[in-house]
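Where a number appears in this text, it was derived from the coordinates with a stated rule and is not lab data. It should be emphasised that the depicted structure is a prediction, and the values quoted were computed from it without experimental measurement. We place every Cβ from the backbone using ideal geometry, glycine too, and count neighbours over all the protein chains shown.
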Amino acid sequence: MWPWVKGSACLRLSCTGFRIRGIVSHFVAVLVLLVSASLLSAHTVITTKITWSREVSRIAYLHCASCHHDGGSSFSLMTYDEARPWAEAIKQQVIARRMPPWNAVKGFGEFKNDRGLTQEEIGIIANWVTGGAPEGNSAYMPARPDFAAKVDETQNSGLQVFVSGTLVTKGRLDVIGIEAKQVPPPGTLQVIAQRPDGSVEPLIWVEQFNPRYTGTYYFQNVLRFPAGTKIQIMPPKGEVTLVVKK
C-alpha cells in the first residue's frame, strides 16, 4: 500500500472517531438536560406562607373530616400525605361550593350545624394550593376530631310540619330546624316566615342545590312563631319540613 493511502485511511478513521465521540457527548448533554428539566418540573415551587399544618388542616377537620376519615363515608383527608394528592381537586370543589356539601346560603338563616365554608376559608384553601400546597411544621397540627362525640340531642327530637308553597300557622310553633324536601329546577329555594306583626324571619335560601346533602338544617336559636305566621316558599312548587320543638 502506498504510504499516502495508509495515511489517508488513518485520517478518515481518526475523523470518524471524533464524530462518534462528538455524537455521544451531544447525546449525553441532551440527556442531562432532559433529566434536569424533569427534576425541576417535579419540584414544586412554594410561594405561600399558608400551610397544611397551621391553617388548612383546621378547616379540613372542622368542615370535612366528619366524612373524610378512615371508616368514614369518603376517602380520608386526615393527614397531609392523604390530602396532598387531592389538592387541586379540593380547590376546584370548594371554589364551586360543591364541597363540603351544604346548600344553605350564608347569612340567610343561622344554623348550628353549618358545614359550609366562609369566603375567607375558601380563599385560604385556594391560595394554599396555588402556592404549592406546603405541609409546614407538624408541631402546629390541631387535635384530631373526636368522631365518637355525641350529636346534640335536640338534632334528633322534634315534630315535623310539612309545608308546600304557603302555610299560615294555626297555633304557636317553636321551630328548631328545617329540611328541604323538594327543590324545583334550577335548584333554588327560598323560605321566609312573616309574623302577624309584619316582622320577617329568613329561614333558608338554597342555591345550586347539591343532592349530596339532604339533612336537616338546625337553627342556632329556637325560632318562635305565633299563630297566624305565614311560612312562604319561593318558588311555590318548593317543599320543606319544619322541625318543631315538642
Exercise. Any of LYS112/LYS245; LYS106/LYS230; LYS49/LYS112; LYS170/LYS245; LYS106/LYS245 with alpha carbons more than 26 Å apart? Name them for me.
Key: LYS49/LYS112
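Nearest 0.05, what FRET efficiency do GLU120 and LEU159 give at R0 = 30 Å with Cβ-Cβ as r?
Numbers: r = 37 Å, r/R0 = 1.24.
In this case the efficiency is close to 0.20.
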Self-check item: Inter-label distance, nm, simple model (7 Å from Cα along the C-beta direction), VAL45/ARG98
Solution: 2.9 nm
Practice problem: For an R0 of 25 angstrom, estimate the FRET efficiency from the Cβ-Cβ distance between SER199 and VAL222 and round to the nearest 0.05. | Solution: 0.95
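Given a Förster distance of 35 Å, report the FRET efficiency between ASP174 and ARG58 from their Cβ-Cβ distance, rounded to the nearest 0.05.
Taking R0 as 35 Å, the efficiency between ASP174 and ARG58 is 0.55.
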Quiz item: Taking θ as phi - 60°, what are the ³J(HN,Hα) couplings along segment 237-245 by the Karplus curve (6.51, -1.76, 1.60), each to the nearest whole Hz, with x for Gly and Pro?
Solution: 6, x, 9, 9, 10, 8, 9, 10, 4
Quiz item: Given 0.36 nm per residue, what is the gain on full extension from GLU207 to GLU88 after removing their alpha carbon distance, in nm?
Solution: 40.4 nm
